[in-house]
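Report on the structure given below.
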DNA sequence: CTGAAAGCGCTAACAT
DNA sequence: ATGTTAGCGCTTTCAG
């Protein structure tokens, strides 16, 4: 139905290659011809078929961005930042949602592969080996997962989890819970590893709950179990779970932070709108989105080098954390972290 | 780099058309050959190039979905529903964000056009005429806007706004504010029209503030102006603005609903997490997403007929609305609406 | 059941 | 400056 390059050629009495040039290299065509061709094109409503063009040039000027769950408020800032960064270079971003499902994720990579010049894989749920396999079909940048050999952007959640646990043990909490994220999440493993270390260092005992779906519902679902376990403070895999957990805790009659302290991770907008305002580890989602796009599009310059970016996190102390049950240590050494300056991106080329 | 159909053909000693058949019509090829071809393909890591295939078949099995702002929590449920509906039919959804910008929106339609079989335009900011123009290049389904001649699915916000204003005037409010949405929003116009009608019917005076960006920030920004105007109740274009407005109002020292009542539209998850819990008009976003996908993919069956779906809305009364300043009318006839049953989708083929 | 040939809409040398 | 010729990777008649 839509006009093709041949229609325009016929109508304007030139060869199709001239029409092609009019659109992809206007300076190579006589101004008069150009005007005529353009007029015909306009009149026929002709637009170059980008898919056909891509087939031969090998470039689509699109980039894919796959997220685990588009309903998680963590992602929109990342997506927005990636979009504006991409737009500056005349690229478009196509977003797809894997629904926390590794199989869907793989399927989406395959579907996107030839429609884009590369894919940003955010918080992937696939195995490392599958990701490496797919990376042979389409340039990939992995966000929120460390994979050697592939360009990656990660938030330093290990550092953030450490900050959070330090804050808690500093408040006198000796029995701390960790509400884990989904299976397959690199971030969740990192948090767990680092939290265990920090807990030991702070003389606290760490109890892990999970894995769980990384949603409000997932958080609410473990509330009872958390309460029964007797921990006096909890670090959750993300803010959504922390918020769900608080709801669940309230539903069980527990008060936050009087009875139990809760810390989240991400610092989504919502975390300062709920009551009590959530203490949380802020992750630089927008910076990650920008960095990921940069890496993908820089790929032309220096092949053979895989970039890694690790972005600093920051503890934001609000109202969901308070003194632990132990009356002997009410001091709060956690505010040192809170006073940290703007998060800094540490870029390292290898 | 990736293997092509020719590589597989050479490797397995058959013609490329046989390889093609092995993937697109397996039953037409001898089981033995098929196995051999499949083995070679596997071994070479061959995947049919979907873009090349689409060039000739005219079908991509992808559908585009453009939203005005992916950070608006109204959209994720719509997107998720569209995705699961599409996946059931082996289609993939590519989401793009127009950033509330008509020019970006147009650009995105053009970029997506040949990579998808059709586009869902959600809350478009473009003009009707431009949308009609674009619809000649790619099948379009318009969500949250009425355009005759194109398939559309709308939420009946007029009805919802009426419910909200009735609720407010029933509570005794005589001076009601309307915080409008962005310019170019059909929904905003509908709300405005219907609210004016309902206000007149309820003997209330309606003051319109705006247009405004449909964000939390946009809501907060008009708080002072709203307060100065002396209205005792406000209906906001959406929940995000209502929430921002409440924040702004609190910042100015006003209490909600004691000093001023606020009603939102959408019933996003957030609206029951904030304090006070938001009274709002629930819109069936998920149903809209499903209906839109159905319309787009049904397009094969009956051409020449344009479908329209209008989805019912429902008033959800929570804690952000209370009696008006007039002591003579504290009765609350608004709960009739609150008792309404599940929202019902009314489908009408024209 | 398989091969040969044509061509989707476009770009990219190469001529002229 | 413009036309000619190939051909991107694939599907689809049409023969055989």
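Please work out the C-alpha center-to-center distance from region A:212-229 to region B:192-268 and express it in whole Å.
36
Which distances, in nm and shortest first, link the residue B:4 label point to the same label point in every other copy, taking 7 Å along Cα→Cβ?
1.9
Shielding by partners for B:45-52, please: the mean number of other protein chain Cβ atoms within 10 Å of each residue's Cβ. Spell out each step's value before the answer.
Numbers: counts 4, 1, 5, 2, 3, 7, 10, 5.
If you average over the peptide's residues, the count of other-chain Cβ atoms is 5.
At residue A:127 and residue A:205, where each label point lies 7 Å from the Cα along Cα→Cβ, what is the point-to-point distance in nanometres?
3.6
Using a label point 7 angstrom from Cα along Cα-to-C-beta, what distances in nm, from shortest up, separate residue B:44 from the other copies?
Inter-copy label distances (nm, one decimal, shortest first): 3.6.
Tell me what chain A gives for mean residue ellipticity at 222 nm when only DSSP H runs of n ≥ 4 count, each as -39,500 (n - 2.57), the sum divided by the residue total, rounded to 500 deg cm²/dmol.
-12500 deg cm²/dmol
GNM on chain A, C-alpha springs below 10 Å: top fluctuator among A:177, A:253, A:118?
Per the Cα network of chain A with a 10 Å cutoff, A:253 tops the list.
Mean-square fluctuation check for chain A, GNM, Cα pairs under 10 Å: which of A:308, A:15, A:92 is largest?
So, out of A:308, A:15, A:92, the one fluctuating most is A:15.
In degrees, nearest 10, range 0 to 90: what is the angle between the Cα axis of helix A:186-202 and the longest Cα principal axis of chain A?
That helix lies at roughly 30 degrees to the long axis.
Hey, for a label at residue B:43 modelled as a point 7 Å past Cα toward Cβ, could you say which residues of region B:5-29 have their backbone N under 13 Å away?
So the set is B:8-14.
Roughly how many whole Å is it from the C-alpha centroid of region B:14-78 to that of region A:1-55?
30
Picking from B:284, B:31, B:276, which is most flexible by a Gaussian network model of chain B using Cα springs under 10 Å?
In this elastic network of chain B, the residue with the biggest mean-square fluctuation among B:284, B:31, B:276 is B:31.
Taking the label point as lying 7 angstrom from Cα along the Cα-to-Cβ axis, what are the distances from residue A:31 to the corresponding position in the remaining copies, in ascending order and in nanometres?
When each copy's label point is compared with this one, the spacings are 7.1 nm.
Normalised by the empirical 2.2 N^0.38 Å for globular proteins, what value does the Cα Rg of the protein assembly as shown take?
Taking the Cα Rg and dividing by 2.2 N^0.38 Å, one obtains 1.05.
With a/c under 1.5 counting as rounded, go ahead and sort region B:185-232 into rounded, prolate or oblate using the C-alpha gyration tensor (a ≥ b ≥ c being the square roots of the eigenvalues; past the cut-off, prolate if a/b is larger than b/c, else oblate).
Here region B:185-232 falls in the oblate category.
For the residue pair residue A:272 and residue B:225, what label-to-label distance in nm results when each label sits 7 Å from Cα along the Cα-to-beta-carbon direction?
2.4
Going by how many other Cβ atoms sit within 10 Å of their own, how do B:271, A:24 line up, fewest first?
With the sparsest Cβ surroundings first, the list reads A:24, B:271.
Tell me, B:247, B:224, B:314 in order of fewest to most beta-carbon neighbours within 10 Å?
Sorted ascending by nearby Cβ count, the order is B:224, B:247, B:314.
Please compute one quarter of the surface area of the Cα convex hull for chain A and express it in square nanometres.
21.0
Compute the angle between helix A:285-298 and the longest alpha-carbon principal axis of chain A, please, reported from 0 to 90 degrees and rounded to the nearest 10.
Around 40 degrees separate the two axes.
May I ask you to sort A:40, B:122 by Cβ crowding, counting other Cβ atoms within 10 Å and putting the fewest first?
Going from least to most buried by this count: A:40, B:122.
With an 8 Å cut-off on Cα pairs and a minimum separation of 6 or more residues, tell me the relative contact order of chain A in percent.
16
Dividing the convex hull volume of the alpha carbon atoms of region B:32-191 by its residue count, what do you get in Å³ per residue?
Residue-normalised Cα hull volume stands at 152 Å³.
Against the longest principal axis of chain B, how steep is helix B:157-170, in degrees 0 to 90 to the nearest 10, with axes from Cα atoms?
That helix lies at roughly 20 degrees to the long axis.
Just so you know, all these numbers are worked out from the coordinates, no wet-lab data involved. What you see is a predicted model; the values in this text were computed from it and never measured. With ideal geometry, Cβ positions are generated from the backbone for all residues, glycine too; neighbour counts draw on all protein chains shown.
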